[in-house]
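Quick notes on the structure that follows.
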């Protein structure tokens, strides 16, 4: 019969398909039987369920796969077909693309129909009623099989560029399909490249990207390759099942199992399918999920640009996430994989809300950025003595503006200020705050607690602020390279915590303390700026890069700590534009002006005028002049006074707070300092030493 077909086609190459040929083409072959322990497991699906699935594919404009087998050689050909609406056992499918129908008739016979069903597919053995160049018509059987592959499934990918690198040679192409254990990439050569440059037994580095965003990079071994001349397909296997996104830390974030657990929902960056996985445990820095091993889609190193953490009440936190490990959980009835993901970035407001949820899980009396009764907060500040008589002198003169500032800070969910409150039965027992003061530096301030009540509130909010730093400093949006705190050296608690940490760590590259003289300079506003002139050979001008280099040299010789980096006065770190914009976005004033005071073109001092809303900090340290005397030997009281007068127009008040460094320069200029302030600065890139000290100091602390 095969000979008859060959004879007919050779004599009449353009004749129509004969009835005999159609019978051969449409005759289904017997179903292939699979061992239950082999690659596939099956369950029966009735015709009604099959029809519902076919109509679902029609509704979504998706295709079925019509599989043919070659009559002579052991190979298959798959054609895509679009299923038309189906009401009974008769199913019509239109071909999805053009092909040589007559050639297919000559060599192939129908085998089976594959209907996609999620991660599985339905294998159908229908009777072919008719077939032509436009469509194929089936009579559906009473039942079909739902087949699940026990191997990891591959997903067809599109739009993902691939770069294969070995020994300095870079080959570019596309990701064709992927699974958690293998990738197939198509790469081409660019002269003078050729594929002999690639050694099959040497690992390669693969980089996947989409829309100019890197999604994955890893070292892989070449499992297989074809022999294409200009375009070649490589099957690659990653060599590692775990990555280290960040250095290992001694202190890790506490993981919480929430009830009900949230879902992790994302569109897979390789093949575009929406994936929903149940979160097993979560912290402010990452979370874990479980996947069925047979349908796993995650692999270590994969970056997911948009992942939503969806909670039961509809709350959604969107983040940039990366898979850091995928660990099989052993053989069971349904083999599973535990996958850990780290949060690479998240909007500041969302991350604060997520941390608030985590902290509440640990202690229901702890709050982060909760809505505060402002009157109760002011009562707390007065009752604890945080606002003492001298400090109130400043507040009462500006109380309307300060009240307005606090309403914005505490009840408008700003991205530049975070407050921590320990509260029981509606009563505030402790408070602490942290403020983004410079481009990537945050200021700890406003730490107070009720002493008359036997509670650990003061230590609890200190612990909260520590956890916040620990879980937030890696996020790009948080911009937290340094944490700072001003404290009075004679105050025992901050001196013990921050000063003690500095002494204990004993490394100024990680943690340092520098002391300033603090006083107020009263300015006569009736005398407009410019009426006083600097003496001959003196000039006050905008700071230059050279000035900052000289300042850095002076400070490194004198102290060698982190003060300039924390204050953003180092040559490589002085721009604060995005921080200023962040304040403006929430309707708060924040400015910074830098000046260089020179004598005969030689740097004498760097003057930083920080301008902010009144009361942003109770001691007004955020609305003060920082005066750093580089060469105090030639600085005179007359010059100092004239400099302050020239910048006084930047401030609303007649009394301007001054922070003068070094501390000893106050007496040299003839100024009686009101008090001294120590500035503590910590580099968050190595956070463990601080928490190691804090854990020993505060025995109950948890991270």
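The values are calculated or read from the model by the stated rules, or taken from the named source; none is laboratory data. Keep in mind that what you see is a predicted model, and the values were worked out from it rather than measured. We place every Cβ from the backbone using ideal geometry, glycine too, and count neighbours over all the protein chains shown.
The figures follow:
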| item | result |
| --- | --- |
| Any hit, the range 372-390, residues being farther than 19 Å from residue 519 by Cα, assigned to a loop (DSSP other than H, G, I, E, B) and within 36 Å of the chain's Cα centre (by Cα) | yes |
| Within the range 76-100, tally of residues that are out of contact with any strand residue (DSSP E or B) (no Cβ under 7 Å at 6 or more places or on another chain) and surrounded by 15 or more Cβ atoms within 10 Å (Cβ to Cβ) | 1 |
| Which listed residue is under 21 Å from the mean Cα position of the chain (by Cα) and within 30 Å of residue 294 (Cβ to Cβ), from 264, 200 | 264 |
| Residue in the range 192-211 that is part of a loop (DSSP other than H, G, I, E, B) and within 16 Å of residue 271 (Cα to Cα) present | yes |
| Residue tally, condition within 18 Å of the chain's Cα centre (by Cα) and without any contact (Cβ under 8 Å) to a residue 24 or more places away in the chain, over the range 267-277 | 0 |
| Flag if residue 13 is part of a loop (DSSP other than H, G, I, E, B) and either modelled with pLDDT under 50 or not assigned by TED's automatic domain parsing to the domain that holds residue 144 (or both) | yes |
| Residue among 585, 541 that alone is touching a strand residue (DSSP E or B) at 6+ places or on another chain (Cβ under 8 Å) and surrounded by fewer than 16 Cβ atoms within 10 Å (Cβ to Cβ) | 541 |
| Residue satisfying all of: in the range 278-314; over 22 Å from residue 216 (Cα atoms) and part of a loop (DSSP other than H, G, I, E, B); nearest to the chain's Cα centre (by Cα) among these | 284 |
| Residue within the range 670-686 that is over 30 Å from residue 497 (Cβ atoms) and out of contact with any strand residue (DSSP E or B) (no Cβ under 8 Å at 6 or more places or on another chain) present | yes |
| Hits in the range 61-75 - residues which are crowded, with 16+ Cβ neighbours inside 10 Å and under 39 Å from the mean Cα position of the chain (by Cα) | 63, 64 |
| Yes/no for residue 556 being surrounded by fewer than 16 Cβ atoms within 10 Å (Cβ to Cβ), in contact with a strand residue (DSSP E or B) (Cβ under 6 Å, 6 or more places away or on another chain) and at pLDDT 90 or above | no |
| Those helices (runs of 4 or more DSSP H) lying entirely in the range 595-703 with at least 3 residues surrounded by fewer than 21 Cβ atoms within 10 Å (Cβ to Cβ), in the same structural domain as residue 395 (by TED's automatic domain parsing) and under 42 Å from the mean Cα position of the chain (by Cα) | 688-697 |
| Looking only at the range 189-217, and only at residues there that are in contact (Cβ under 8 Å) with a residue 60 or more places away in the chain and over 17 Å from residue 176 (Cβ atoms), the one that is surrounded by the most Cβ atoms within 10 Å (Cβ to Cβ) | 217 |
| Within the range 358-394, tally of residues that are surrounded by 14 or more Cβ atoms within 10 Å (Cβ to Cβ), farther than 30 Å from residue 653 by Cβ and without any contact (Cβ under 8 Å) to a residue 12 or more places away in the chain | 1 |
| Tally, over the range 339-369, of residues that are under 24 Å from residue 619 (Cα atoms) and either outside any strand (DSSP E or B) or assigned by TED's automatic domain parsing to the domain that holds residue 319 (or both) | 1 |
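Each row is one residue, and each column tells you yes or no for (1) touching a helix residue (DSSP H, G or I) at 6+ places or on another chain (Cβ under 9 Å); (2) in contact (Cβ under 8 Å) with a residue 12 or more places away in the chain; (3) not in a loop (DSSP other than H, G, I, E, B).
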residue: 533; (1), (2), (3): yes, yes, no
residue: 540; (1), (2), (3): yes, yes, yes
residue: 550; (1), (2), (3): no, yes, yes
residue: 554; (1), (2), (3): no, yes, yes
residue: 588; (1), (2), (3): yes, yes, no
residue: 592; (1), (2), (3): yes, yes, yes
